[in-house]
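Each remark here refers to the structure printed beneath this line.
The values are calculated or read from the model by the stated rules, or taken from the named source; none is laboratory data. All of these numbers come straight from a predicted model, not from anything done at the bench. All Cβ positions, glycine included, derive from the backbone under ideal geometry; neighbour counts span all protein chains shown. The accessibility values were calculated without ligands, DNA or RNA, using every heavy atom of the protein model including side chains. Shrake-Rupley method; radii C 1.70, N 1.55, O 1.52, S 1.80 Å.
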Amino acid sequence: MENENKGNELLEKDSSDNESSYIRIKKFYFVMLIFFTVILAAGITTIALAFGDEKAVNVGTDRSEFDKLFSAYDALKENYYKDIDTNDLVNGAIDGMFTALDDPYSDYMNEEEASSFHENISSSFEGIGAEIQQNNNKIVIVSPIKGSPAEKAGLKPNDVILSVDGKALQGMSSSEAVLLIRGEKGTKVELQIQRTGVEKPMEISIVRDNIPIETVYGELNKDGIAEIQITSFSENTSTELVDKLNEFQEKGMKGIVLDLRQNPGGLLTEVQKIANLFVPNGKVVFQVEHKNGKIEKAVSENSSGTDLPLVVIIDGGSASASEILAGAVNQSAGVPLVGVKSFGKGTVQSATDLSDGSNIKYTTDKWLTPNGNWIHGKGIEPTYKVQLPSYANLTIINPESKLKKDSNSDEVKTAQQMLNALGYKVDHANGYFDESTEQAVKDFQKKEKLKETGILTGDTTTKLMSKLSTKIKNNDTQMKKAIEVLKEEMKK
């Protein structure tokens, strides 16, 4: 995946490096079946990456299929009206081949882009904390990272980034977009966002920060139910999860809700190890269909996982490796899924470093669920379909906007819906800032101990969005349903 982030790609590791070894972590035991290495890139995020040992093929002039390429190259070098950088021509030719594939998950990255790509294997990076992918020549957000500046700014899955600091992204690769979006902690980046259902683009200013790659969060509620969220699958995710499970087990854990919402994917080796905790030994975790039609199966080697009841939550931001885990536990362990349909990413990529530090990655295989389903472009349907409240899908409001009486805009309409959701009565949520809207703003400012101006801007806007975020968390219909289903499972 790529943080600032290119999307959810599964990267196949050179088979010569694959071998099984055993890991022991506290009370849970599982086997590392190194079958594929995943990288969230090109469409949803990049946190870790393993490259094969293959070198670039040396192409000689005896390859007739390259005659036209060589002729064009020679013509430009000899006759173009000014000097040409040879490296630029070669990079352009390679980039053109990948563009011709019309595959958002296949990409050529020059040295600078590859360097940024490799940085994602570290424990943190500096940026806004969002996973992106290229889709139909557009740069689309798959999901923001939990607690990141992107999440706090209100970015959502499927938001299209139109420009970065005024530079249009139309036609750019996700690698190129990453270089513009990422930057040093404390610096500001201006994004123009187009959101589905919103007529006008939104201007969003985000201050970059250090984004730690912590992937497992959780709490044990009073009923002994562990609510555990996995935000992505990086190189330490299985260890984090096992530590969390052991901690909760000592405190009397009786069941688990595993939250994979907004999880864009990650290392498949980590997914395999986590699946080994929940999928019975010998059951299929996923399948891989090769170009020649041959299908290989990866099975669970669950030596001593947990037999506690489990429910998994998914949504439209659950992609790639998180879909593999959801499909594995659902189809091979009968685990119920709650939420809405997942993203739908069902291909496997390989990545290779080239001699100059650049690299190429390209789609090699399909991955299938245990039942042999290819979910690419379709997603995984939950067992229990549950939507979040409508106010959870409201767009953000720019704190720099000044919304006041007689203003008329989509932002005013959004503010009116937020106020209504929080219990501040607005007569008509139609985008016109009338007297009832002004009074609702004043009432909100009074309660929050802000200056009662009746104008929505700055701290008032920020506080309004913060309060709505808290309400969404406290009224998480999907989590509530998951707990309800889990309690029924616990009775069996």
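Based on what the data block shows, is K185 in a loop (DSSP other than H, G, I, E, B), open to solvent by 60 Å² or more (accessible area, probe 1.4 Å) and modelled with pLDDT of 90 or more? Before the answer, list the steps.
Numbers: in a loop (DSSP other than H, G, I, E, B): yes; open to solvent by 60 Å² or more (accessible area, probe 1.4 Å): yes; modelled with pLDDT of 90 or more: yes.
Yes.
Name the single residue, out of those in the range 231-249 being of a type in the set (S, T, Y) and in a helix (DSSP H, G or I), that is most open to solvent (accessible area, probe 1.4 Å). Write out each step before concluding.
So in the range 231-249, the residues of a type in the set (S, T, Y) come out as 231-232, 234, 237-239.
Then drop every residue that is not in a helix (DSSP H, G or I), which leaves 237-239.
Working: T237: 0, S238: 3, T239: 53 Å².
Taking the candidates together, the pick is T239.
Within the range 250-277, work out how many residues are at pLDDT 95 or above, part of a strand (DSSP E or B), within 14 Å of the chain's Cα centre (by Cα) and of a type outside the set (D, E).
0
So, E113, is that one open to solvent by 80 Å² or more (accessible area, probe 1.4 Å) and either modelled with pLDDT of 65 or more or touching a His at 6+ places or on another chain (Cβ under 8 Å) (or both) or not? It would help to see each step written out before you state the result.
Numbers: open to solvent by 80 Å² or more (accessible area, probe 1.4 Å): no; either modelled with pLDDT of 65 or more or touching a His at 6+ places or on another chain (Cβ under 8 Å) (or both): yes.
No.
Restricting attention to the range 468-492, report how many residues are in a helix (DSSP H, G or I) and within 25 Å of the chain's Cα centre (by Cα).
As a first pass, look at the range 468-492 and keep what is in a helix (DSSP H, G or I): 468-474, 477-491.
So of that shortlist, the ones also within 25 Å of the chain's Cα centre (by Cα) come out as 468-474, 477-483.
Count: 14.
In the range 415-457, how many are touching an Asp or Glu at 6+ places or on another chain (Cβ under 8 Å), more than 12 Å from K405 (Cβ to Cβ) and not β-branched (V, I, T)?
7
Just to check your reading of the model, which residue among A421, A440 is of a type in the set (A, V, I, L, M, F, W, C) and either surrounded by fewer than 22 Cβ atoms within 10 Å (Cβ to Cβ) or in contact (Cβ under 8 Å) with a residue 60 or more places away in the chain (or both)?
Working: A440 fails: either surrounded by fewer than 22 Cβ atoms within 10 Å (Cβ to Cβ) or in contact (Cβ under 8 Å) with a residue 60 or more places away in the chain (or both).
Being of a type in the set (A, V, I, L, M, F, W, C) and either surrounded by fewer than 22 Cβ atoms within 10 Å (Cβ to Cβ) or in contact (Cβ under 8 Å) with a residue 60 or more places away in the chain (or both) holds for just one of A421, A440, which is A421.
Among the residues of the range 372-393, is there at least one that is of a type in the set (D, E, K, R) and touching a residue at least 60 places away in the same chain (Cβ under 8 Å)?
Initially, the range 372-393 is screened for residues of a type in the set (D, E, K, R), giving 378, 381, 385.
Add one more test, that the residue is touching a residue at least 60 places away in the same chain (Cβ under 8 Å), and what stays is none.
Checked against the condition, which is being of a type in the set (D, E, K, R) and touching a residue at least 60 places away in the same chain (Cβ under 8 Å), the range 372-393 yields no hits at all.
Restricting the range 74-99 to residues that are farther than 19 Å from T352 by Cα and of a type in the set (A, V, I, L, M, F, W, C), which is most open to solvent (accessible area, probe 1.4 Å)?
If we filter the range 74-99 for residues that are farther than 19 Å from T352 by Cα, which is where we start, we get 74-86, 88-89.
Among the residues that remain, those that are also of a type in the set (A, V, I, L, M, F, W, C) are: 75-76, 84, 89.
Working: A75: 46, L76: 75, I84: 41, L89: 42 Å².
Step by step, filter the range 74-99, then rank; the result is L76.
Suppose we keep only residues that are assigned to a strand (DSSP E or B) and within 23 Å of the chain's Cα centre (by Cα) within the range 371-418. Which one would you say is surrounded by the fewest Cβ atoms within 10 Å (Cβ to Cβ)?
Initial filter on the range 371-418 (assigned to a strand (DSSP E or B)): 384-385, 403, 408.
Retained after the next criterion (residues that are within 23 Å of the chain's Cα centre (by Cα)): 384-385.
Working: Y384: 15, K385: 13.
So, considering only residues that are assigned to a strand (DSSP E or B) and within 23 Å of the chain's Cα centre (by Cα), the one surrounded by the fewest Cβ atoms within 10 Å (Cβ to Cβ) is K385.
If we keep just the residues of the range 116-147 that are part of a helix (DSSP H, G or I) and open to solvent by 40 Å² or more (accessible area, probe 1.4 Å), which is modelled with the highest pLDDT?
Quick first cut of the range 116-147, residues part of a helix (DSSP H, G or I) only: 116-121.
Still in the list and also open to solvent by 40 Å² or more (accessible area, probe 1.4 Å): 118-119, 121.
On the way: H118: 64, E119: 58, I121: 46.
Top of the filtered list is H118.
Could you list, ordered by first residue, the pairs with Cβ atoms under 9 Å in which the first is in the range 83-99 and over 14 Å from F70 (Cα atoms) and modelled with pLDDT of 90 or more and the second is open to solvent by 80 Å² or more (accessible area, probe 1.4 Å) and part of a helix (DSSP H, G or I), at least 6 apart or interchain?
I84/K77
Would you be able to say whether some residue in the range 192-199 is surrounded by 20 or more Cβ atoms within 10 Å (Cβ to Cβ), modelled with pLDDT of 85 or more and not β-branched (V, I, T)? Spell out how you get there, then give the answer.
Step one: list which residues in the range 192-199 are surrounded by 20 or more Cβ atoms within 10 Å (Cβ to Cβ), which gives 193, 195.
Within this subset, residues satisfying the condition of being modelled with pLDDT of 85 or more are 193, 195.
Restricting the remaining residues to those that are not β-branched (V, I, T) gives 195.
Yes, the range 192-199 contains a residue that is surrounded by 20 or more Cβ atoms within 10 Å (Cβ to Cβ), modelled with pLDDT of 85 or more and not β-branched (V, I, T).
Would you mention how many residues in the range 159-182 are surrounded by 14 or more Cβ atoms within 10 Å (Cβ to Cβ), at pLDDT below 90 and in a loop (DSSP other than H, G, I, E, B)?
Residues in the range 159-182 being surrounded by 14 or more Cβ atoms within 10 Å (Cβ to Cβ), at pLDDT below 90 and in a loop (DSSP other than H, G, I, E, B): 3 in total.
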